[in-house]
Structures are given as C-alpha cells and as structure tokens.
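Engineer: Sharing a structure, written as structure tokens. Questions coming.
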Amino acid sequence: MFTLFRYATALLLVSPAMVTQPRAQVYVNGGGPPGGYPTIQAAVNAVTTNGSLVQIDDVTAGNPTTYFENVVILGNMPTMTIMTMSNAFPPNVKVDGGFSGSVFEFRPVGNAVTSNATLIHGLTIEHGSGTLENGRLVGGGIACIDGSSPKIRNCVVRNNTADDGGGIYGGLVDGHTGPRIVRNYVRLNTAQNDGGGIYLEVSDFGEIFSGAPQFSSSRINENVAVRAGGGFFAGAFTRATISESFLHLNRVTGGGTSLGAGACFEGAHDVLITSTSIGSTSSGNDAGAGSGGGIAVVGCSNTIVEHSTVDGNRASIGAGIYDSMSSVVRSDYYDVLIVNNVATGPGGGLLTNSVGLRVPAVTFCTIANNTSGTASGGGGGIWHAAGVTVDHTIFWANAPNPFNTTPPGMTFSFTANPQFVPALSGCPYDTSPNYRLNQSTSPCVDPVGGPPVSNYPRLNGRSTNPNHNIADTGIADIGFHYTGAGCPP
C-alpha cells in the first residue's frame, strides 16, 4: 500500500522544479454558497495566475444553468480554462448575450494578446450580436480581435448574428496563430456579409508565414451568410486548416454574386481541407443563384482538398466546387468524392476558369451523378475554361456530359461504368458510402499498365474495397479511396 508517509518521503527525492503545482481555481455559482462568483465575468476578473481554472458549478442543485452576460477577456489577463464542473456534452450551461454584443470577446491590450493557452470548453454560447470593429459588427458568439488566439473546444455556438462571423470571428495580425476551434457545433448563426458560422481574416501579409488558424472535428451546420461563406469564410492572405469536420446545410442568400455556401476562400493562402464532409445529410449546402454550393476558391494560392467528400450541394455555377483565378500555386483536389451536386448553370461537380499553369489538378477523385444546366454547355462533371489536369479519376453518370470539353492529357481516368458497390462494413464516418468498387469486375481496380499504389503515399492504408478493412495494394485503383482500417483517419 502506498501510504501518505511514503509519498511524502518520495517528494524529498524530487527537484522542486519537477513537482506539478495544483491549478488555481475560481468558482462560478450565480452568487450561491460562499466562495463562488455570481458571474463568469467576475470570476475571470479574479484570476491572478496563469493556467487557472474557472469552474462553473452545474452540479449543485439550485445553481443557474443560464448566465446572461457578455464576457470580455483582455490580452493582458492570465491564461485560463473556463469550463463546467460536469464537463457534460451537450453542455448544461448556456451563456446568453442577450443580443447586446459578443457573448465572448477577446481583445488585446497593447502587444499583449490572448494565446492558445486560454480555453473555453463545454459551453453553449448563444444570442450574441457582435463587437464593433472597423465599422462593422463581428463575432456574434465569439469575437477574437486582432490576433487573439484562444482555443474553443466542445462548445455549441448557435443563434448568434453579426455583419461578419455570425458564430465566431478571428481577426488576425502578423505573429499570431488565430483561434483553434476543436470539436464544436457551430449552427444556426447568421452574417449580413461573410462567414455565417466562422470568419477568419488577416490584416498583415506576413500572417501567411506565422501559423494557420484551424478547426477540427467540428460540425458547421445550418448557418447563413448573405455574400460569402455560409458555413466558413477565410479572407485575403489567411492560412486555414479544416480537418475531420462536417459542413452541412449552410446557405448564402445574396443572389448571383454570392460565393461558397459551405466554405469560401477568397484570396487565402495555404488552405488545407482534409478528411472533411462538405454537404449532404440530407441535401447539402445551397448557394442559390451564386457560385460554389460546397466550396468556392477564388484568387487563392496553394489550396489542397484531400480525403474528403463534396456531396449534394447546389448552386447556379460550380455546385460542388467553384475554382476561379487561382494564383501562384494551383489548387490540388486529391482523393475527393464529388457526387450528387446540382448546378442550374455550368459545372455540376467542379467549375474552373483558372488558366495556364494555374489550372487545378484532379487526382484519384470520383466525380459521379452530378448535374449541370444544358444551356450552359454542360460540364455535369467538370466545366473548365482552359484545361484541368486529370489523373486516376472516375467520371460516371454526370448529366448532360462528363465535361464541357475533354480535358487534354487525361491519364488513367475512366468514363465507362466503374461498377460501384455499397460498403459492406464501412467506416461509420463515411457520409457517402456507395461509391466503392467491385473488386472482381471493376475495370478501375488494378488497371492494366497502372503504377503501383506505393507511388502514392497519400493513399497509404486507404481503400476502394466494399470492406474498408482491406486497403488498396499492388496497382493503384482509379478513383476515390475511402478511409481504411482503423477509421477515422
């Protein structure tokens, strides 16, 4: 038995620098039992030590479950974690901004900026109306001003509104990474301009070198923006990473000039979307008369979309993906399932008007069952203005045709029946499981003369097989490869 005496003796043998000190704790209980603060703001103001824990008591009977306040955290305050005692999800505690400002506002003081060491965890954040910044209201739910970079985790951010960033706003400056948004539900937020769910921007060109804002394992659903980025918007020179997330049922409503119902990247640099579902469940994202039902990529450099699905989105132009005027480094669509998207104009699956060395690359994709308007020249699968690089890609059942004109120099790509089969034992994270390949009869399996899959390390362990536990080996199969054994990725 490990007695208290033996524990104390052991401590004598350890350097003081090696002993972990207990976290300072501040309690919020609505003004109940002695020792607790009546509001979250009062508790935040009482924090004096970096790494402190602000705990909201949602366990003791009679304590409030809704706090009506607008919390401001300044950059010169100590780092802290704000969370409930129960750590429940969905959260037990709501913070309601009463439409009188952002629910949480992070603001620098001089050069002091909130870092990723400050965490908001496990709260419902609702009814915020934004913080006035450069003449417009930003960040209805959470406003991260001028490089403020908190971590936001396991929260529900809903029913907030602003001009930009109805749910969450990240305003970035050189030298700061921006917010980390991990495992949140961001839904039912609205923006009068851009970023109904989330808005990220950069005010200094140098930010493209200083770290990428990112969100992962989040659900960005049912948000609305008027101009661009119903679910997510990233502006000029922004770096952004989206991983293992879901963007569904988001909309843009501004008519023919609207962009990117699911996500819009406008002038952004070094964008990565990986292992993410954009659309479907049950009818995708909707750009209405605008462009890019799933994704709009406009004037960007080095955009990579990989191991992701773009399913069931709607727009006038480029229902799945709208790729326009990519600059410097072309877009790379690698191992993407682009299916069931509907455009009233050109480009059911993908539309690109990029030219020259900037035309996008489409590799190991499956582009199927997409539809475009016949009067526009078609391009049910792909509509391109001046070419697109296509390799190891399946085109099937796109209406009225797979492309407006055949892309020059397609390699190991296929327009006949690929013999799709549904998953037998698919990964539960598959949102579109019915585009696997019949391993016995599909001409897309081990194509004659094809290169080995070992040439493509990005496909390592991934599968076209109806049994996701059987990875692609030998000759590389054509088309989208689902997550293999050990899913999620």
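Here, each number is a calculation from the coordinates, and none is a lab measurement. Everything numeric here is computed off the predicted structure, so don't read it as measured data. Every residue, glycine as well, gets a Cβ built from its backbone with ideal geometry; the counts of neighbours run over all protein chains shown.
Engineer: In square nanometres and to one decimal, what's the mean projected area of the convex hull around the Cα atoms of the range 233-299? Intermediate results must be reported in sequence, preceding the final value.
Structural biologist: On the way: hull surface 16.4 nm².
Projected over every direction and averaged, the Cα hull of the range 233-299 covers 4.1 nm².
Engineer: Local charge sum around P418 (other residues, Cβ-Cβ under 11 Å, Lys/Arg +1, Asp/Glu -1)?
Structural biologist: Combined, the nearby Lys, Arg, Asp and Glu give 0.
Engineer: Quick one: dipole size for the range 77-175, taken about the Cα centre, charges +1 on Lys/Arg Cβ and -1 on Asp/Glu Cβ, in debye to the nearest 20. Could the numbers behind the result be given before it?
Structural biologist: Details: 6 positive and 8 negative charges, 64 e Å.
In debye, rounded to 20, the range 77-175 gives about 300.
Engineer: Less than 14 Å Cβ to Cβ from V252, Lys/Arg counted +1 and Asp/Glu -1: what total charge do the surrounding residues give? Intermediate results must be reported in sequence, preceding the final value.
Structural biologist: Values: positive: R227, R251, R314; negative: D164, D194, E222, E266, D286.
Its environment carries a net charge of -2.
Engineer: Considering the dipole of the chain built from charges on the beta carbon (Lys and Arg +1, Asp and Glu -1) around the Cα centre, which of G135, P108, M77 is farthest to its positive end?
Structural biologist: Of the listed residues, the answer is M77.
Engineer: If one computes the Cα centroid of the range 289-365 and of the range 366-380, what distance in Å separates the two points?
Structural biologist: 13 Å
Engineer: Still on this structure, I have one more. Semi-axes of the equivalent ellipsoid for the range 266-410, please: Cα gyration tensor eigenvalues, times 5, square-rooted, ordered largest first, whole Å.
Structural biologist: Working from the Cα gyration tensor, I get semi-axes of 19, 17, 14 Å.
Engineer: Whole angstrom only: what separates the Cα centroid of the range 390-424 from the Cα centroid of the range 73-120?
Structural biologist: 48 Å
Engineer: Counting just the Cα atoms, what span does the range 329-399 cover along each of its three principal axes? Round to the nearest Å and put the largest first.
Structural biologist: Principal axes ranked by extent give 30, 22, 12 Å for the Cα atoms.
Engineer: What is the log10 of I(q)/I(0) for the range 350-456, computed with the Debye formula using one identical point scatterer on each Cα and no solvent, at q = 0.17, 0.18, 0.21 Å⁻¹?
Structural biologist: So the normalised log intensities are -0.88, -0.97, -1.19.
Engineer: Could you list, bin by bin from short to long, the percent of Cα-Cα pairs of the chain in 10 Å steps?
Structural biologist: Bin by bin from 0 Å, the calculated values are 5, 20, 27, 22, 15, 9, 3, 1, 0.
Engineer: Now, a different point. Kindly state, to the nearest 0.05, the FRET efficiency for R23 paired with T241, given R0 = 25 Å and r defined as their beta-carbon distance.
Structural biologist: Details: r = 29 Å, r/R0 = 1.17.
Using R0 = 25 Å, I get an efficiency of 0.30.
Engineer: Additional query: Ordered by packing density, taken as the mean number of other Cβ atoms within 10 Å over each peptide's residues, highest first, how do 177-188, 109-120 rank? Could the numbers behind the result be given before it?
Structural biologist: On the way: 177-188: 23.4, 109-120: 16.8.
Answer by packing, highest mean first, reads 177-188, 109-120.
Engineer: Quickly work out the S115-to-L132 label distance, labels modelled 7 Å from Cα along the C-beta direction, and quote it in nm with one decimal.
Structural biologist: In this crude spin-label approximation the distance works out to 3.3 nm.
Engineer: Multiplying the sequence separation of S454 and A416 by 0.36 nm and subtracting their Cα-Cα distance, what value in nm do you get?
Structural biologist: Working: separation 38, 0.36 × 38 = 13.68 nm, distance 2.57 nm.
Gain on extension, S454 to A416, equals 11.1 nm.
Engineer: Excluding K151 itself, calculate the net charge of residues whose Cβ lies under 11 Å from the Cβ of K151, where each Lys or Arg counts +1 and each Asp or Glu counts -1. Present the calculation step by step, with values, prior to reporting the outcome.
Structural biologist: Details: positive: R153, R180, R183; negative: none.
Value of the local net charge: +3.
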